[in-house]
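Here's the structure we're looking at; comments come further down.
What follows is calculated from the coordinates using simple rules that are stated; it is not laboratory data. Bear in mind the structure is a predicted one, so any value in this text is a computation, not a measurement. Backbone-built Cβ (ideal geometry, glycine too); neighbour counts: all protein chains shown.
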Amino acid sequence: MMDLSLFVTQEGMEKIQRRIQFLLNEERPEVIKALMTAREFGDLSENAEYKAAREKQRQIDTEIDHLRRRSAHLKVVDTSVFPKDAVRFGSRCRTREESTQEEVVYRVVGVDELNYSEEEGVQVVSVLSPIGKGLLGKKPGELAVVKAPIGERHLLVLEII
């Protein structure tokens, strides 16, 4: 079986690359400046500004390293060529919750792009989440049974967008 945790949409990969560039070109230089300024205050052992800046630099470097290593293993999927006959990786679908009649548009994406997706009116879900797993393969008019911690949810797929 394919390891779905390694998939990322083209847009998701672009957002991850933009995040790396932002961290490298904007966040990190700011922290380096803050470190240099804090060093000028003298005694580093009791310098709270210096310690905070060092910690921030460590966090940024860790995130850059994580994103670079992770993105090197991800497989970019061109979702634009997928037919819109069923929910697939990268799909947007309009659903209606059977119990509440609430309509929600979901987009099924890779695990790594969840933090970088902001699409107005669209709730992103991981391909590995209960909702993502429940929706995959469903056609309009079919019911997705989602096994959630709060119990089963029934989502009627209204359309693939």
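Measuring nothing but how far apart in sequence close Cα pairs (under 8 Å, 6+ apart) lie, relative to its length, segment 79-160 scores a relative contact order of 33 percent.
Among residues other than TYR106 with Cβ under 13 Å from its Cβ, the summed charge is +3 (Lys and Arg +1, Asp and Glu -1). Short-range pairs are left out: with C-alpha atoms under 8 Å and at least six residues apart, the relative contact order of the chain is 25 percent.
Here's the picture: charge each Lys and Arg Cβ at +1 and each Asp and Glu Cβ at -1 in segment 79-160, and of VAL105, GLY151, VAL87 the one pushed furthest to the positive end of that dipole is VAL87. A simple count of charges around ASN25, restricted to other residues whose Cβ falls under 15 Å of its Cβ and scoring Lys, Arg +1 and Asp, Glu -1, yields 0. Where the alpha-carbon atoms of segment 4-77 are placed on the principal axes, they occupy 52, 19, 13 Å, in descending order.
Rounded to the nearest 10 degrees, the inclination of helix 28-39 to the longest alpha-carbon principal axis of the chain is 30 degrees.
Hull volume per residue, based on the alpha-carbon atoms of segment 79-160 and their convex hull, is 89 Å³.
With q set to 0.19 Å⁻¹, the log10 of I(q)/I(0) for segment 21-161, from the Debye formula over equal scatterers at the Cα positions, is -1.03.
Highest average first, the peptides 120-126, 75-81, 155-161 ordered by how many other beta carbon atoms sit within 10 Å of their residues are 155-161, 120-126, 75-81.
Mind checking which aspartates and glutamates have their C-alpha under 19 Å from LYS147, skipping anything on the same chain fewer than 8 residues away? LYS147 reaches GLU97, GLU98, GLU102, GLU103.
Taking the chain as the reference, fit the longest principal axis to its C-alpha atoms, fit the long axis of helix 48-73 to the helix C-alpha atoms, and give the angle between the two in degrees, 0 to 90, nearest 10. That helix lies at roughly 40 degrees to the long axis.
Among residues other than ALA34 with Cβ under 14 Å from its Cβ, the summed charge is +1 (Lys and Arg +1, Asp and Glu -1).
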